[in-house]
Amino acid sequence: MMTDLKFKVIAKSENRTKTIVQTNGFTMTIDEPKNLGGTNEGANPVEYLLGALSGCLNVVSHIVAKELGFELNGLEIELEGNLNPAKFMGKSDNERSGFKEITVNIKPDSNADKATLEKWIEIVESRCPVSDNIANYTPVKLVLV
């Protein structure tokens, strides 16, 4: 059995829409587009969520392809989701604030047959940690310090 790994980021607000995130020697700028009151100096939080999902799917896809014994030369991954900003903006409680659904179109560059690719994508979906966190309840505790 493997032990748990801990991941951590430190974030600081630069202004009301812009956040600078530090992790593992990397810096990410998170901001809102100008039409949502931001300075558009970085992707917004939900775009980072989609980006995180694409990165995780990429890694897991290659691991699973190797386990199944086929060559995966690369992937094209297109993700999109719709959300209603009313709750986020404090204007309504009628809908949840997150994505209603996320659609992920994955185009593998591989010569594997369709049956192998269908098995592969099913395994990838079941093993992607980011997908798991989005699809299933994960407790989030906000602690005032």
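The values are calculated or read from the model by the stated rules, or taken from the named source; none is laboratory data. Not measured: the values here are computed from a predicted model. No Cβ is skipped: glycine too gets one built from the backbone with ideal geometry, and neighbour counts run over all protein chains shown. SASA here: full protein model, heavy atoms, side chains in, ligands and nucleic acids out. Shrake-Rupley method; radii C 1.70, N 1.55, O 1.52, S 1.80 Å.
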Among L117, L142, which is the only one that is surrounded by 11 or more Cβ atoms within 10 Å (Cβ to Cβ) and without any contact (Cβ under 8 Å) to a residue 40 or more places away in the chain?
L117
Filter result for E41 (among the acidic types (D, E), closer than 26 Å to A11 by Cα, touching an Asp or Glu at 6+ places or on another chain (Cβ under 8 Å) and open to solvent by 40 Å² or more (accessible area, probe 1.4 Å)):
yes
Filter the stretch 103-131 for residues that are among the acidic types (D, E) and not in a helix (DSSP H, G or I); the one that is farthest from C56 (Cα to Cα) is D113
Condition first: surrounded by 13 or more Cβ atoms within 10 Å (Cβ to Cβ), small (G, A, S), in contact (Cβ under 8 Å) with a residue 24 or more places away in the chain and closer than 26 Å to E125 by Cα. Can you find one or more residues in the stretch 67-85 that meet it?
yes
Cβ-Cβ below 9 Å, separation at least six or inter-chain, first residue in the stretch 2-29 and without any contact (Cβ under 8 Å) to a residue 60 or more places away in the chain and among the charged types (D, E, K, R), second open to solvent by 60 Å² or more (accessible area, probe 1.4 Å) and in a loop (DSSP other than H, G, I, E, B): which pairs?
K8/N24; E14/E41; K18/E41
Matching strands (runs of 3 or more DSSP E) fully within the stretch 1-83 where at least 3 residues are in contact with a Lys or Arg (Cβ under 8 Å, 6 or more places away or on another chain)
19-23, 74-82
Evaluation of I134 against (1) in a helix (DSSP H, G or I); (2) loosely packed, with under 14 Cβ neighbours inside 10 Å; (3) touching a Phe, Trp or Tyr at 6+ places or on another chain (Cβ under 9 Å) (one fails), failing number:
(2)
Return the residue satisfying two criteria in turn: it lies in the stretch 86-102 and is open to solvent by 100 Å² or more (accessible area, probe 1.4 Å) and acidic (D, E), and of such residues it is nearest to V60 (Cα to Cα).
E101
